[in-house]
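So the structure is just underneath, and the comments pick up after that.
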Amino acid sequence: MKKVKTDKLEIAYLDSGPKDGPVAMLMHGFPYDIESYSKVGPLLNERGIRTIIPYLRGYGHTVFLDPQTPRSGEQAALGVDLLALMDVLAIEQAVLAGYDWGGRAANVVAALWPARAMGLVTGAGYNIQNVAASERPASPEAEHRYWYQYYFHTPRGRAGLEQNRANLARLLWRLWSPEWNFSETEFLKTASSFENPDFVEVVIQSYRVRYGYAEADPAYAEIETDLSAMPNINVPTINLHGLADGVHPAPAKDRQATKFTGSYKRRLLEKVGHNVAQEAPVAFADAVTELVRI
């Protein structure tokens, strides 16, 4: 485990593989952590690819430098964190790979700073949020799957996350990946990351701000304006979508394909749920490897 300081965070991360090799930035989601890449990382390292696997803000050993910094989990903040980490590590270009929150960070950088992305591996496709359209209702089936987000909009939900963070995460793992028979030992390796003192605040802000129920951090206003245009992504992209994803089921028709204006492939993964990196490490590593320019 290494640590490095950006302007807002001390980011804890794993750095492995050949130091002079092409780089893959591997970004985890909610409610997961760097354990998602415990098998992907070694596979890539064996193929000559250096992997950087950071804890996102609010997770594990990543901490804020200033107690006055807003504990924002908005999409712009996640993207800027990824970009800042690449800057401080002097990584000019990398394959950006992730799912859920980590996929959102990777999508943001690929869309707004495409020169920094050798390619994009994204779980469940286009992950930039259309905040302006957040008041439009989805189908009843989709709204049902978003129950946890609405729970977090309430004081009761915030208290529930504070008091039951591990049990809530375990439930989401089961609901979102019904075909994944993870062990309790496997879960507990990740659950310790939720004890980060900023975890609850970052998670609650993330799920409230996307619906307009929390103030956004003014520091990211310009970037959020750029994201509100729902920009296309023109870097080479591979979309890994689990057919057993319990929160974002894969549609029969890929309606997101038009958002990717460079080379684009969608791969549907049998019996794989939301945590594509941990559930299908070989497929994930193969996608990253395909996009690496050695």
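The values are calculated or read from the model by the stated rules, or taken from the named source; none is laboratory data. Predicted, not measured: the structure shown is a model, and the values here were computed from it. Using ideal geometry, Cβ is built from the backbone for each residue, glycine included, and neighbour counts are taken over all protein chains shown.
Among the residues of segment 150-194, those that are among the polar types (S, T, N, Q) and either more than 16 Å from residue 206 (Cα to Cα) or in contact with a Lys or Arg (Cβ under 7 Å, 6 or more places away or on another chain) (or both) comprise 163, 164, 167, 177, 181, 183, 185, 190, 192, 193. So which residues in segment 14-31 are of a type outside the set (Gly, Ala, Ser) and either within 23 Å of residue 101 (Cβ to Cβ) or modelled with pLDDT under 95 (or both), if there are any at all? Of everything in segment 14-31, those that are of a type outside the set (Gly, Ala, Ser) and either within 23 Å of residue 101 (Cβ to Cβ) or modelled with pLDDT under 95 (or both) turn out to be 14, 15, 23, 25, 26, 27, 28, 30, 31. Restricting attention to segment 65-79, which residues are surrounded by fewer than 22 Cβ atoms within 10 Å (Cβ to Cβ) and of a type in the set (A, V, I, L, M)? 65, the sole residue that qualifies.
The number of residues in segment 24-81 that are among the polar types (S, T, N, Q) and assigned to a strand (DSSP E or B) comes to 1.
Of the residues making up segment 135-178, those that are touching an Asp or Glu at 6+ places or on another chain (Cβ under 8 Å) and assigned to a loop (DSSP other than H, G, I, E, B) are 137, 177. Only one of the listed residues (74, 92) is of a type in the set (D, E, K, R) and either within 20 Å of residue 221 (Cβ to Cβ) or touching a Pro at 6+ places or on another chain (Cβ under 6 Å) (or both). That residue is 74. Of the residues making up segment 180-227, those that are surrounded by fewer than 14 Cβ atoms within 10 Å (Cβ to Cβ) and part of a loop (DSSP other than H, G, I, E, B) are 181, 183, 197, 212, 215.
From the list 282, 247, the lone residue that is within 25 Å of residue 36 (Cβ to Cβ), part of a helix (DSSP H, G or I) and not basic (Lys, Arg) is 282.
For residue 277, the criteria (1) in a helix (DSSP H, G or I); (2) more than 30 Å from residue 190 (Cβ to Cβ); (3) touching a helix residue (DSSP H, G or I) at 6+ places or on another chain (Cβ under 8 Å) hold in every case but one, which is (2). Taken over segment 43-60, the residue count meeting the criterion of being in contact (Cβ under 8 Å) with a residue 12 or more places away in the chain and more than 17 Å from the chain's Cα centre (by Cα) is 7.
Of all residues in segment 228-248, exactly one satisfies the criterion of being surrounded by fewer than 17 Cβ atoms within 10 Å (Cβ to Cβ) and under 21 Å from residue 172 (Cα atoms), namely 243.
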